[in-house]
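**Student:** The structure that follows is given in the form of structure tokens.
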Amino acid sequence: MLEQKDIIVISLVAVFSFIASFFIASALITAPEDRAEEVLEVSEVSSTFPEVNRRIFNSNAINPTEEITIGEDSVTNPFDSTRD
């Protein structure tokens, strides 16, 4: 059983811990008024595109998505171990 002195010490430690944690939390957590931040205004996104450079995008330009075969080797799997 706890003696009266032990109960008083435990109560004082609990009260001191409560007070200390209250002040520490108040210092770490700021008020909502202090949390305001300034942000830049974002311009509206348009659904229209600017005119493209006709020197680059024209009908005579190379199509990078077209498959190009160099030479006559038609091997589709060059790392196949069964190949001669």
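The values are calculated or read from the model by the stated rules, or taken from the named source; none is laboratory data. Not measured: the values here are computed from a predicted model. Cβ coordinates were reconstructed from backbone atoms using ideal geometry, including for glycine residues, and neighbour counts include every protein chain displayed. Surface accessibility is based on the protein's heavy atoms, side chains included, excluding ligands, DNA and RNA. Shrake-Rupley method; radii C 1.70, N 1.55, O 1.52, S 1.80 Å.
**Student:** Can you give the extra length, in nm with one decimal, that the chain gains between I68 and I56 once fully stretched, where that is 0.36 nm per residue apart less the Cα-Cα distance?
**Tutor:** Working: separation 12, 0.36 × 12 = 4.32 nm, distance 2.04 nm.
Answer, rounded to one decimal: 2.3 nm.
**Student:** Between the helical axis of 4-28 and the dominant principal axis of the chain, each derived from Cα atoms, what acute angle in degrees is found, rounded to the nearest 10?
**Tutor:** 40
**Student:** Right, another one. Find, among the GluC sites (Glu not before Pro) in the stretch 10-59, those assigned to loop by DSSP (not H, G, I, E, B) with at most 15 other beta-carbon atoms within 10 angstrom. Spell out each step's value before the answer.
**Tutor:** Details: sites: E33, E37, E38, E41, E44, E51; in loops: E37, E38, E41, E44, E51.
Within the stretch 10-59, the qualifying GluC sites (Glu not before Pro) (loop, at most 15 other Cβ atoms within 10 Å) are E37, E38, E41, E44, E51.
**Student:** Provide T76, T48 ordered by accessible surface of protein heavy atoms (probe 1.4 Å), highest first.
**Tutor:** These residues rank, largest area first, as T76, T48.
**Student:** Here is a further query. Of the options P64, I29, F49, report the single residue whose Cα projects farthest towards the positive end of the charge dipole of the chain (beta-carbon charges: Lys, Arg +1; Asp, Glu -1).
**Tutor:** I29
**Student:** Scan the chain for chymotrypsin sites (Phe, Trp or Tyr not before Pro) in coil per DSSP, keeping those whose Cβ has at most 15 other Cβ atoms within 10 Å, and list them by number.
**Tutor:** Values: sites: F16, F18, F22, F23, F57, F79; in loops: F57, F79.
Hits after loop and neighbour filter: F57, F79.
**Student:** Just to be sure I understand: if I project the alpha-carbon convex hull of the chain onto a plane and average over all orientations, what area do I get in nm²?
**Tutor:** Value for the chain: 22.2 nm².
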